[in-house]
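Bear in mind that the values in this text are calculations on the coordinates, not laboratory data. Nothing here was measured: the structure is a model prediction, and the numbers come from that model. Please note: Cβ atoms are built from the backbone with ideal geometry, for glycine as well, and neighbour counts cover all protein chains shown.
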Amino acid sequence: MKFLLAVMATLLVGVAEGASFQVGVGVHVGQNKNPLDATAAALEQGRFTSFRDEVFWHRLERKKGVLEFPESLRDLDHLVTLSAQRGVRPLLILDYGNPFYDGGGQLSSPEALAAWSRYVRFVVKHFKGRVDQFEVWNEWNIGGGGTPAQRSARYGSPEDYAKVLKAAYDAVKAENASATVIGGAFAGYDYKWIEAFARAGGFGSLDGFSAHPYVFAEGKKGTPDSALRHLDELKALIDRLAPGRSVPVYVTETGWPVHTGVNGVTEEQAATYLRQFMLLAKSRPWIAGVWWYDLFDDGDTATNTEHRFGLIDRGGVKRPAFQSVIEARSKVAP
């Protein structure tokens, strides 16, 4: 009993600190890309206050209408428990589609939305007491989680996303009224998409809006200052579309890749950019936190952009940017 009380006390401390600026990172344990022990150790050494990962719907509902927590997500489950005990606030993504509904891609039918709501409630209930913030989908606006055709078009309907978000919002709050629901997971700068999302009532079903302000493709102009200018524009737009709401912005992905080739940066430059971006983000009181992308490299190919975002390489060697996290952490979060 004393152990349980101690754990609950720690969890309550973590929730109480939730109003503070969060310093997080993407970990991909839910994708079974990175080992539990190495991830947990790196999170503790880097003094992160949050991590971001996914709870795939298709893994939980493998038989239509039956939801079960799978063995493939046990490492993520353990990481959530361990992190919550340390006062770290996990941010879990609710995604993607399920092959039983709407072709396994983005959702639109009443049947799919009803099944989606059941999945969301199941996840929130499973993690209750350990997780109090959830992000709805990932990069829907550019076809994320869609069918091959949806991904190829690099576009997802803002009206359909507003429905998916509302269904998730209602489901989350039904299981945990105090949980934070983050909508958007918005990639790029298609602000007309956000305007359509607002017209569909999207801002009525979220506690925060998330964005992924990658600017490395801008080359030498793709600096932390450029990323913050985009975020300032985004915040001004949100304030206009949701007057009186004061919607906080969550930067749930950003980073600079150290691949060799066009628009790659040096490891030292990536470290400098991380420090600068964290300090700039902290200067905006409406930014609730930053989740760096990502903790470990996603592959071993030096010329592949997607393989070289990590703070740690596949061999376990920490890049200079990892030390920048520790330095920034002491300046931007308690």
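Each of Ile182, Ile326 has some number of other Cβ atoms within 10 Å of its Cβ, and from fewest to most they run Ile326, Ile182.
Spatially, segment 240-279 and segment 155-230 are offset by 16 Å when compared through their Cα centroids. Over all directions, the projected convex hull of the C-alpha atoms in segment 129-193 averages 4.9 nm² in area. Thinking of segment 258-334 as a set of Cα atoms, what percent of all their pairs are more than 15 Å apart? Of the Cα pairs, 55 percent sit more than 15 Å apart. Projecting label points 7 angstrom from Cα along Cα→Cβ for Lys64 and Arg47 puts them 5.3 nm apart.
Other residues whose C-beta falls under 14 angstrom from the C-beta of Ser330 contribute a net charge of +4, scoring Lys and Arg +1 and Asp and Glu -1. Summing charges over all other residues whose Cβ lies under 13 Å from the Cβ of Val131, with Lys and Arg as +1 and Asp and Glu as -1, gives -1.
The sum of -39500 (n - 2.57) across all DSSP H runs of n ≥ 4, divided by the residue count of the chain, sets its helix-only mean residue ellipticity at 222 nm to -13000 deg cm²/dmol. Given R₀ = 41 Å, FRET efficiency for Thr301-Asp225 by Cβ-Cβ distance, to 0.05? The calculated FRET efficiency here is 0.85.
Over all alpha-carbon pairs in the chain, figure out the percentage whose distance exceeds 29 Å. Within the chain, distances greater than 29 Å cover 35 percent of Cα pairs.
Residue separation of Val317 and Ala153 scaled by 0.36 nm, minus their Cα-Cα distance, works out to 55.3 nm of gained length. Where both bridge residues fall in the chain, DSSP classifies roughly 5% of the beta bridges as antiparallel. Each eigenvalue of the Cα gyration tensor of segment 221-266, multiplied by 5 and square-rooted, gives one semi-axis; in descending order these are 30, 10, 7 Å.
Residues Lys125, Lys221, ranked from the fewest to the most other C-beta atoms within 10 Å, line up as Lys221, Lys125. The Cα atoms of segment 143-262 cover 48, 36, 26 Å along the three principal axes, with the biggest extent listed first.
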